[in-house]
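Q: Take a look at this one; I'll ask things after.
The values are calculated or read from the model by the stated rules, or taken from the named source; none is laboratory data. Predicted model, so just to flag it, every value in this text is computed and none were measured. Every residue, glycine as well, gets a Cβ built from its backbone with ideal geometry; the counts of neighbours run over all protein chains shown.
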Amino acid sequence: MLALIPGPDYPGGAQIISTPEEIAATYRSGRGSLRVRAKWKIENLARGQWKLVITELPPGVSTATVLSEIEACSNPVAKEKAGKKVFTPEQLNLKAAFLSSISESGVRDESGKEHAVRLVIEPASSRQGQDDLVRMLLAHTSLETNASINLTVLGVNGTPRQASLYSMIAEWCRFRLATVERRTRHRLTAAEKRIHILEGRLAVLLDIDKVIKVIRESDDPKVDLMAHFKLSEIQAEDILEIRLRQLARLEGIKISEELAKLREEAAGLNKLLNSDEAMRACVAAEIEGDAKKYGDDRRTFIEAADKVTMSDAKTVSIVDEPTTLIVSKHGWLRSRQGHNIDPTQLSFRSGDELLACLPCRTVDNLILLDTKGRAYSIPASDIPGGKGDGVPATSLADFQDGGKPCLAVAIKNDALYLVAASGGYGFRCLGADLLSRGKAGKAFMTLSEGELPVIFALAPQGEIACVTKDGRALVFNIDEIRQLPKGRGLKLIDADPGKTALEEILPVVDGVAGKLKGERLEICRGNRGGNGKPMKAPRK
């Protein structure tokens with residue numbers, strides 16, 4: 001059946017991008033939804049200019065709907081907060097993306113008699129990526145949407161129920177057979193009634209004079225006609241109602257011809273009713289005839305494709321430019337354009353101070369590690385700029401179980417980072433391992449009671465020096481630290497969350513790690529997980 005009906009065929013055409021397996025599952029259960037995408041084309045203009053033209057829309061979507069959605073993205077409505085109109089970072093970023101991608105007056109509906117659907121969208125610049133513009137529109141408008149399927153049928157027995165595609169068509173076939181059978185019986189009844197009337201007329205046709213005499217002389221002509229000519233009551237009634245000229249010789253020929261046709265029709269109707277095979281052949285022939293008369297080519301194209309998500313469109317629409325992220329110890333976030341930011345000139349709320357000043361790009365992600373070891377990723381483009389203290393991290397991330405941000409780094413997905421806890425355990429990971437899908441973050445570092453994350457930095461090359469609060473250092477090659485996506489890691493230096501906690505990890509560059517150098521550096525060299533040596537030589 002799926003070979004004959006690979007998927008729905010919508011009046012407006014468009015494209016079903018769900019997989020054949022998803023379509024089959026929906027048809028088997030009778031309920032679900034399919035992903036449907038608009039159809040478009042690129043029309044090239046003079047001097048390298050071009051425009052995007054939408055020609056087919058998903059079911060239930062109009063050009064007015066798409067126009068209003070584009071307007072809502074380009075000109076969002078602010079929310080009232082404390083007497084002020086406030087735009088969320090998502091609204092501001094989306095507005096900037098749409099205004100930078102679509103010409104100010106470049107969206108219009110040219111649908112009409114010549115084109116059922118023609119929605120024209122002109123880019124802000126001919127250098128705008130065509131695929132980028134399409135992905136942004138698919139992600140943020142109904143040009144790509146879900147079309148629900150609900151195969152609820154009212155069966156022959158009058159009871160509504162959920163049906164699969166097979167059972168729905170089987171039910172319809174039974175209904176169609178029953179309908180044609182009732183129609184056939186109705187036609188047969190009408191034909192037999194007419195045959196009965198004509199047979200009565202034919203019986204009296206040969207002796208019209210006697211008919212007239214009976215009618216003229218009888219007190220009850222109907223009864224006498226029935227007696228003289230062996231007619232039924234219906235036939236006698238008909239004789240009394242018709243005009244005499246309908247019993248003329250010429251009319252007799254017509255009656256005979258009509259009677260022959262009716263008897264032939266009745267024989268054919270009886271054959272249908274008495275043969276299930278003949279009835280099915282009749283129904284099939286009628287359906288084939290309707291298909292030839294009313295059928296047309298498939299309009300909806302079916303080809304599986306990946307769904308365009310908000311994140312897909314986001315990476316496309318964000319302008320890649322330098323920015324600096326500013327994170328305070330109390331968890332306030334803000335950004336500044338460029339990298340020429342002097343941290344000493346930054347001001348904070350009373351009692352607050354700088355936690356991290358992070359030069360990066362707008363396409364990067366800020367990672368916040370909290371006191372429970374969870375990692376929260378926030379796109380750099382979501383962090384608002386402008387004057388002021390910024391926004392609290394809690395508005396962009398949902399910190400779990402009382403966790404509070406304690407470390408912050410702007411990451412690149414393919415770079416290696418070094419993380420470690422105060423208990424002396426740590427590991428290396430890729431930037432992509434720190435990314436989380438939702439605001440609730442992800443469990444990243446496994447911590448013992450009393451432990452806190454203390455190290456989160458770009459992993460250096462070569463040797464490192466692990467330094468504890470009580471002044472010990474252990475120098476070894478960073479390659480001894482395993483790369484993991486998450487967890488507790490390996491023991492880097494013998495430490496505990498208290499007085500001997502791991503405090504910092506320094507790269508060894510040209511034989512120097514902070515104040516550790518020369519002979520003392522050699523003394524502190526050892527195997528990963530050892531006790532290390534005092535950074536300062538004991539007094540003599």
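Q: Being farther than 25 Å from LEU502 by Cβ and assigned to a loop (DSSP other than H, G, I, E, B) narrows it down to one residue among SER381, SER347; which is it?
A: Just one listed residue meets the conditions, SER347.
Q: Ok, one more. Please go through (1) touching a helix residue (DSSP H, G or I) at 6+ places or on another chain (Cβ under 8 Å); (2) of a type outside the set (Gly, Ala, Ser); (3) surrounded by 14 or more Cβ atoms within 10 Å (Cβ to Cβ) for GLU171 and return the number of the only condition it doesn't satisfy.
A: (1)
Q: Can you tell me which residues in region 464-485 are touching a residue at least 60 places away in the same chain (Cβ under 8 Å) and touching a Leu at 6+ places or on another chain (Cβ under 9 Å)?
A: Matches in region 464-485: CYS466, VAL467, THR468, ALA473, ILE478, ILE481, GLN483.
Q: Shifting gears a bit: Yes or no: VAL134 surrounded by 17 or more Cβ atoms within 10 Å (Cβ to Cβ) and not hydroxyl-bearing (Ser, Thr, Tyr)?
A: When the stated conditions are applied, VAL134 passes them.
Q: A follow-up question, please. Return the pair list, or none, for Cβ contacts closer than 8 Å from residues in region 230-256 that are farther than 19 Å from ASP209 by Cα and among the hydroxyl-bearing types (Ser, Thr, Tyr) to residues that are modelled with pLDDT of 90 or more and surrounded by fewer than 16 Cβ atoms within 10 Å (Cβ to Cβ), at least 6 apart or on different chains.
A: SER232/HIS196
Q: Oh, and also: Taking the residues in region 353-378 that are under 21 Å from GLY441 (Cβ atoms) and either of a type in the set (Val, Ile, Thr) or in a helix (DSSP H, G or I) (or both) as candidates, determine which candidate is farthest from the chain's Cα centre (by Cα).
A: By that ranking, first place goes to THR371.
Q: Output the residues belonging to region 298-326 that are at pLDDT 65 or above and small (Gly, Ala, Ser).
A: Passing the criteria: ALA304, ALA305.
Q: Among the residues of region 386-407, write down those that are touching a Ser or Thr at 6+ places or on another chain (Cβ under 7 Å) and either in contact (Cβ under 8 Å) with a residue 60 or more places away in the chain or of a type in the set (A, V, I, L, M) (or both).
A: If the condition is that a residue be touching a Ser or Thr at 6+ places or on another chain (Cβ under 7 Å) and either in contact (Cβ under 8 Å) with a residue 60 or more places away in the chain or of a type in the set (A, V, I, L, M) (or both), then LYS404 is the only one that fits.
Q: Follow-up. Hey, can you tell me all the residues within region 331-356 that are in contact (Cβ under 8 Å) with a residue 24 or more places away in the chain and surrounded by 16 or more Cβ atoms within 10 Å (Cβ to Cβ)?
A: If the condition is that a residue be in contact (Cβ under 8 Å) with a residue 24 or more places away in the chain and surrounded by 16 or more Cβ atoms within 10 Å (Cβ to Cβ), then GLY331, TRP332, LEU333, ARG334, SER335, ARG336, PHE348, LEU355, ALA356 are the ones that fit.
Q: So ARG374 clears everything in (1) more than 28 Å from ALA97 (Cβ to Cβ); (2) surrounded by fewer than 16 Cβ atoms within 10 Å (Cβ to Cβ) except one condition, right? Which one?
A: Unmet condition: (2).
Q: Do any residues in region 121-135 that are part of a helix (DSSP H, G or I) have Cβ atoms under 9 Å from those of residues that are at pLDDT below 85 and among the aliphatic types (A, V, I, L, M), where the two are at least six apart or on different chains, and which pairs are they?
A: Sorted first by the residue in region 121-135, then by its partner, the pairs are ASP131/VAL316; ASP132/ALA313; ASP132/VAL316; LEU133/VAL316; VAL134/VAL308; ARG135/VAL308; ARG135/ALA313; ARG135/VAL316.
Q: Could you count how many residues in region 394-436 are modelled with pLDDT of 90 or more, within 14 Å of THR371 (Cβ to Cβ), among the hydrophobic types (A, V, I, L, M, F, W, C) and touching a Leu at 6+ places or on another chain (Cβ under 7 Å)?
A: Within region 394-436, residues that are modelled with pLDDT of 90 or more, within 14 Å of THR371 (Cβ to Cβ), among the hydrophobic types (A, V, I, L, M, F, W, C) and touching a Leu at 6+ places or on another chain (Cβ under 7 Å) number 4.
Q: Condition test on ILE239, is it touching a His at 6+ places or on another chain (Cβ under 9 Å), more than 30 Å from CYS173 (Cα to Cα) and assigned to a helix (DSSP H, G or I)?
A: The answer is no for ILE239.
Q: Does LEU333 count as part of a strand (DSSP E or B), in contact with a Lys or Arg (Cβ under 9 Å, 6 or more places away or on another chain) and modelled with pLDDT of 85 or more?
A: Considered against the rule, which asks whether it is part of a strand (DSSP E or B), in contact with a Lys or Arg (Cβ under 9 Å, 6 or more places away or on another chain) and modelled with pLDDT of 85 or more, LEU333 comes out as no.
Q: Further question on the same structure: In the set HIS186, HIS196, HIS228, which member is more than 30 Å from ALA278 (Cβ to Cβ) and either in contact with a strand residue (DSSP E or B) (Cβ under 7 Å, 6 or more places away or on another chain) or not small (Gly, Ala, Ser) (or both)?
A: Exactly one of HIS186, HIS196, HIS228 is more than 30 Å from ALA278 (Cβ to Cβ) and either in contact with a strand residue (DSSP E or B) (Cβ under 7 Å, 6 or more places away or on another chain) or not small (Gly, Ala, Ser) (or both), namely HIS228.
Q: Regarding GLY498, is this residue in contact (Cβ under 8 Å) with a residue 12 or more places away in the chain, crowded, with 19+ Cβ neighbours inside 10 Å and either of a type outside the set (Phe, Trp, Tyr) or over 22 Å from CYS524 (Cβ atoms) (or both)?
A: Judged against the criteria, GLY498 is not a match.
Q: Quick one: which strands (runs of 3 or more DSSP E) sit completely within region 401-489 and have at least 3 residues that are over 21 Å from LEU366 (Cβ atoms) and either in contact with a strand residue (DSSP E or B) (Cβ under 6 Å, 6 or more places away or on another chain) or polar (S, T, N, Q) (or both)?
A: Fully inside region 401-489 and qualifying: 463-468, 472-477.
Q: For region 174-205, what are the residues that are without any contact (Cβ under 8 Å) to a residue 24 or more places away in the chain and either more than 24 Å from GLU264 (Cα to Cα) or crowded, with 16+ Cβ neighbours inside 10 Å (or both)?
A: ARG174, PHE175
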